[in-house]
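The values are calculated or read from the model by the stated rules, or taken from the named source; none is laboratory data. Since the structure is predicted, the reported quantities are computational estimates derived from the model, not experimental observations. Cβ sites come from the backbone with ideal geometry, for glycine too, and all protein chains shown count toward neighbours. Only protein heavy atoms, including side chains, enter the accessible area calculation; ligands, DNA and RNA are left aside. Shrake-Rupley method; radii C 1.70, N 1.55, O 1.52, S 1.80 Å.
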Amino acid sequence: MPVAEADGIPTRYEVTGSGPPLLMFSPGGFDSSGEAWRTVGVYRRLRLLEHLGRHYTCVTFDRRESGASGGRLERLSWSAYARQGLGLLDHLGIDRAHVMGGCVGCSSALQLAAEHPGRVRGMVLYSPAGGVHYRRKQHERFRTHLAFAGTYGLAEVARLARATTAGFTEDPRPGPWVRLLRADEDFAARFAATPLARYLALAEGSARLLFDRDTAPGPEPEDLLALDVPALAVPGQDTSHAPSAARYLQECLPLAAYWNVPVAEQTEASASARILSFLAEAGAQAGAETDRAAEPGAPGAGGADGR
């Protein structure tokens, strides 16, 4: 697969299908690779990528610190994850796209739309991660990692990462940079040489910034309330994807539709049909707005009334 620099980070990506562009923020937690759309949970069963690719140009990619993408040792944030997606759009010469998130990818998709609404035609938020149990699990993972790092030091964290094959979700001790520690010797050396106190503050701040609420994390609710981007929220149904997270997004997003179908009743045919129907409506709305903006006399249009 090709690799592009996105927000200064080597990003492995794949472009499949044809039609209007659809940027897809992967599911998979701290191992959100592009393949997750084909291999993880409900997405494997529903085969969304296959169906969507018949009508849209689907851009999937490995999130930073996941899969074969690179990363940086810095405080992690939803804005940082969104910048990677935005950088990929820039690399591909895509001015405006639909975006879709699965699981934790919903938070990144939301952040991109909140910070750059003009780049987003519509959003599909499929099984957004969130809820009380989700927040508690994430903070417990970081506490386990911080305790290990604080006790044994960063050189031992790097050694453990290379001695195991598990990701941060399965074994929290090596931390959220485990994939880079395993794949990049230079990064591992710089990581081990980082002052411990600085690192502990960085990692603790990442946990607090990423998982700061008992619903879907990401942009502040006030930002969502002001967002005029059409959205489709689809609920999950487990301790990492509480139905309340999707309901929260329905409440906050002014142009949100909600597909009120339990996970067990979401089928390959019905899920792809609902998403495609929404994307067609959002695309038509975005096209109409573009046409209105180009009319003589419209704000920003050429001529005497809009230079």
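Whether any residue in the range 31-40 is buried (at least 23 other Cβ atoms within 10 Å of the Cβ), in contact with a strand residue (DSSP E or B) (Cβ under 9 Å, 6 or more places away or on another chain) and not in a loop (DSSP other than H, G, I, E, B) is what I want to check. Within the range 31-40, one or more residues are buried (at least 23 other Cβ atoms within 10 Å of the Cβ), in contact with a strand residue (DSSP E or B) (Cβ under 9 Å, 6 or more places away or on another chain) and not in a loop (DSSP other than H, G, I, E, B). For the range 92-147, the tally of residues that are of a type in the set (A, V, I, L, M, F, W, C) and assigned to a helix (DSSP H, G or I) stands at 11. Looking only at the range 37-63, filter to residues that are closer than 29 Å to E220 by Cβ and out of contact with any Phe, Trp or Tyr (no Cβ under 7 Å at 6 or more places or on another chain); which one of those is modelled with the highest pLDDT? Among them, the one singled out is D62.
Listed here are the residues, each with its yes/no results for (1) basic (K, R); (2) open to solvent by less than 10 Å² (accessible area, probe 1.4 Å).
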{"position": "A161", "(1), (2)": "no, yes"}
{"position": "T169", "(1), (2)": "no, no"}
{"position": "R190", "(1), (2)": "yes, no"}
{"position": "L196", "(1), (2)": "no, no"}
{"position": "Y199", "(1), (2)": "no, yes"}
{"position": "D223", "(1), (2)": "no, no"}
{"position": "D228", "(1), (2)": "no, no"}
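Here's a check for you: in the range 38-77, which residue that is among the hydroxyl-bearing types (S, T, Y) and closer than 22 Å to G236 by Cα is farthest from the chain's Cα centre (by Cα)? Break it down stepwise before answering.
Our first condition is that a residue be among the hydroxyl-bearing types (S, T, Y); within the range 38-77, this holds for 39, 43, 56-57, 60, 66, 69, 77.
Restricting the remaining residues to those that are closer than 22 Å to G236 by Cα gives 39, 43, 60.
Values: T39: 17, Y43: 15, T60: 11 Å.
This residue is T39.
Pick out the one residue from V120, V178, V124, V104 that is in contact with a helix residue (DSSP H, G or I) (Cβ under 8 Å, 6 or more places away or on another chain), crowded, with 24+ Cβ neighbours inside 10 Å, modelled with pLDDT of 95 or more and over 30 Å from G53 (Cα atoms). Don't jump to the end; show me each part of the working.
Details: V120 fails: over 30 Å from G53 (Cα atoms); V124 fails: over 30 Å from G53 (Cα atoms); V104 fails: over 30 Å from G53 (Cα atoms).
V178 is the lone residue from the list that is in contact with a helix residue (DSSP H, G or I) (Cβ under 8 Å, 6 or more places away or on another chain), crowded, with 24+ Cβ neighbours inside 10 Å, modelled with pLDDT of 95 or more and over 30 Å from G53 (Cα atoms).
Only one of the numbered conditions (1) in contact (Cβ under 8 Å) with a residue 12 or more places away in the chain; (2) surrounded by fewer than 17 Cβ atoms within 10 Å (Cβ to Cβ) is violated by F211, and that is (2).
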